[in-house]
Amino acid sequence: MVNDRVLGLQFHFEVKEENVNMMLTSGSDELIEDAWVQSADTITAGAKNIRHSNELMFLLLDYLAAVS
């Protein structure tokens, strides 16, 4: 909580490239066809964004630390 506000994130902002395959392998039973569940192929294709997502995560955390 920061200044009486709550921030909720619903994705893995913290994931590293080496974790994607482990997540897909160990959680393969959760990758069911559904409008809200990404396929393994979609997740793998999105791995190219991981470095940028990690940078954004640290910017957000630095900001939250500064304002708290």
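Along the stretch 14-24, what does the Karplus equation 6.51 cos²θ - 1.76 cosθ + 1.60 (θ = phi - 60°) give for ³J(HN,Hα), rounded to whole Hz, x for Gly and Pro?
Computed from phi, the couplings for the stretch 14-24 are 9, 5, 10, 4, 5, 7, 4, 5, 4, 5, 5 Hz.
Please report, to two decimal places, log10 I(q)/I(0) for the chain at q = 0.14, 0.16, 0.17 Å⁻¹ as given by the Debye formula with identical point scatterers on the Cα atoms and no solvent.
Per q value, in the given order, log10 I(q)/I(0) is -0.55, -0.68, -0.74.
Please list 58-67, 32-41 highest first by mean number of surrounding beta-carbon atoms within 10 Å per residue.
Ranked by mean Cβ neighbours within 10 Å, highest first: 58-67, 32-41.
Count charges around Met23 for me, please; just the other residues with Cβ under 13 Å from its Cβ, Lys/Arg as +1, Asp/Glu as -1.
With Lys, Arg at +1 and Asp, Glu at -1, the net is -4.
Please compute the contact order of the chain in relative form: average sequence separation of alpha-carbon pairs under 8 Å and at least six residues apart, divided by the residue count, as a percent.
Value for the chain: 47 percent.
Throughout, read-outs are computed from the coordinates displayed, never taken from laboratory work. A quick note: this is a predicted structure, and the numbers were derived from the prediction, not measured. Backbone-built Cβ (ideal geometry, glycine too); neighbour counts: all protein chains shown.
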